[in-house]
Structures are given as C-alpha cells and as structure tokens.
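No lab work stands behind these numbers, since they all come straight from the coordinates. No experiment lies behind these values; they were computed from the predicted model shown. Glycine also receives a Cβ, built like all others from the backbone with ideal geometry; neighbour counts cover every protein chain displayed.
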Amino acid sequence: MQTAASIAQNSHLSPPPRARSQTHIRPVTFHAPDCVIYAQGERTRSLYQIEYGAVRIYRLLADGRRQIVAFHLVGETFGFEINETHSFYAEAMVNT
C-alpha cells in the first residue's frame, strides 16, 4: 500500500542526482479497517499509493467530531503535503 514515486526506466529521462538519492520505494504494507496510516501533526515521510481497499482523509474538530475531507480508492495517491507535517489524518476504511 505504501510506495514512493517511481524513477523513470528510460536512461534519457533519468532524474537529477539529488532526486535519485531521495527516492525510496517501500514494500507494500497492509492496514486493517479504522487503522490510522498517519496522524495530523506527524512528520511527512512518504507518498502513498493505494493498491487495495480505500482510505479516508479527515481532521478532528474541537468538539471531537470528525470532518472527512477526501476519500481515496485503488490506484489513487495521497499524502502530498506542502508543510513538513500532515494537516489531516489518513485512515483505512476497509482492509487496505
């Protein structure tokens, strides 16, 4: 479930040295329903691509309610952040 951006296979499309050294592809990991993949305020470390299942992106409101801001399905990516920390929670909806 968790992967980083891929590097182009064609040699003429090779990324610059800095991008090549910072790109790490991680193995697929699985998450049970309602498992938090990352939490609001955690340091951003990965870009995620969904291979199986579905993920909801949400934030907790001051009164304890959960405000869902996005759903991601098979083939979609998530975890893009402008800041160095996550602004939302990501949680598996089903076996993911």
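General remarks:
- Nonlocal amide H pairs with residue 38, under 5 Å, H built at 1.01 Å: 90
- Label zone at residue 93 (point 7 Å along Cα-to-Cβ), backbone N below 15 Å, the range 44-70: 50-59, 67-70
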